[in-house]
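Scroll down for the structure; my scribbles are underneath it.
What follows draws every value from the coordinates through simple rules; no lab data is involved. The model shown is predicted, which means the values in this text are computed figures rather than measured ones. Cβ placement follows ideal geometry from the backbone for every residue including glycine, while neighbour counts extend to all protein chains displayed.
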Amino acid sequence: MTTARIVPEYTRVSDDAAILCRRKDFPRAVNVLQRRDPDRRRWRLAFRTVAWSGEQAVEGARRNWLEGALREVVQGVGDRRLRGELAIDAAELDTTWDVGSVLPTYTARDLWGLADRVDLPMQYLAMVTKLPTSITAPIHTARVIADCRRTSEAHRTVAIQLASELPSTAMIEEVRGTLDARVAEKLNEMRGQQEAARRWRELAHQLFGSGQ
């Protein structure tokens, strides 16, 4: 976005967007996004609000207009990483907006290779995200990244819960060789969940693209 379009922020951009979306005034909501300095917190939340609300509320010609407007907003963001995150946000919200090519393009074969690098079988991927039927067909990169992150977070949550159930002396007892078998099993399960979270997170990172 050019600095000429940026105005001082006297109100919260997320609040302004929410109010306008409740009124279904999407042209003004988009204008709010265009006139505010994009950042990773409130502005990004405002974008998510407009994207999700518009998905629920508009059809036909109004929908076509809003899709083009959101694409222009995303393409106008100067921060390459934030552009990618906005595309992932739209996918994570389960919207169908086409915001343009702001993330790397991969085929299912490419995804297979990246998954192999982090020891994730493709059958696991097929369980958590939608994949094309042809190995040479392109994947929806933003949606796959969103699903990988969601799966990573689910494993991390389980690991935290397991950790909370372990005695505070578990690590010491493990080193000393005095760890109870049932505690040892839970400790290993926790580590397995942590490792799974790491693999899914790493795959999402690889898909986002190096250097971004």
statement: Length-normalised contact order of region 3-92, Cα under 8 Å, at least 6 apart, in percent, tallies to 29 percent
message: Can you give me the long-range amide H partners of Leu131? Hydrogens built in the peptide plane at 1.01 Å from N, cutoff under 5 Å, separation of 5 or more residues or another chain.
response: none
statement: Calc'd 3J(HN,Hα), region 112-118, phi into Karplus 6.51 cos²θ - 1.76 cosθ + 1.60 (θ = phi - 60°), Hz, glycine/Pro = x, comes to 4, x, 5, 5, 4, 5, 10
message: Step by step: find N for the chain, compute 2.2 N^0.38 Å, then divide the Cα radius of gyration by it. What's the final number?
response: 1.27
statement: By Cβ neighbour count within 10 Å, fewest first, Glu153, Glu55 rank Glu153, Glu55
- line: Phi angles of region 176-181, converted by Karplus (6.51 cos²θ - 1.76 cosθ + 1.60, θ = phi - 60°) into ³J(HN,Hα) in whole Hz with x for Gly and Pro, give 6, x, 10, 6, 4, 4
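Leu166: net charge of surrounding residues, Cβ under 13 Å, Lys/Arg +1, Asp/Glu -1, itself excluded? Mind dumping the intermediate values first?
On the way: positive: Arg182, Lys186, Arg191; negative: Glu165, Glu173, Glu174, Asp180, Glu185, Glu189.
Result for the local shell: -3.
Mind sorting Val175, Val158, Val74 by how few other Cβ atoms lie within 10 Å of their own Cβ, fewest first? Could you put the intermediate results ahead of the total?
Values: Val175 9, Val158 17, Val74 24.
Going from sparsest to densest Cβ surroundings: Val175, Val158, Val74.
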- prompt: Which net charge results when you count Lys and Arg as +1 and Asp and Glu as -1 among the other residues whose beta-carbon is under 13 Å from that of Leu20?
  reply: +4
task: Return, for the Cα atoms of region 108-208, the radius of gyration and Dmax in Å, separated by a comma.
output: 16.9, 53
query: With a 10 Å Cβ neighbour count serving as the proxy for reagent exposure, in which order, fewest first, do Met127, Met190 appear?
result: Met127, Met190
task: With θ set to phi - 60°, apply the Karplus curve 6.51 cos²θ - 1.76 cosθ + 1.60 along region 194-203 and write out the HN-Hα couplings as whole Hz, x wherever there is a Gly or Pro.
output: 4, 5, 4, 4, 5, 5, 5, 5, 5, 5
message: Angle check, please: helix 80-92 long axis (alpha carbons) against the longest principal axis of the chain (alpha carbons), in degrees 0 to 90, nearest 10.
response: 80 degrees
- prompt: What dipole magnitude, in Debye to the nearest 20, does region 108-208 give about its Cα centre under +1 on Lys/Arg Cβ and -1 on Asp/Glu Cβ?
  reply: 380 debye
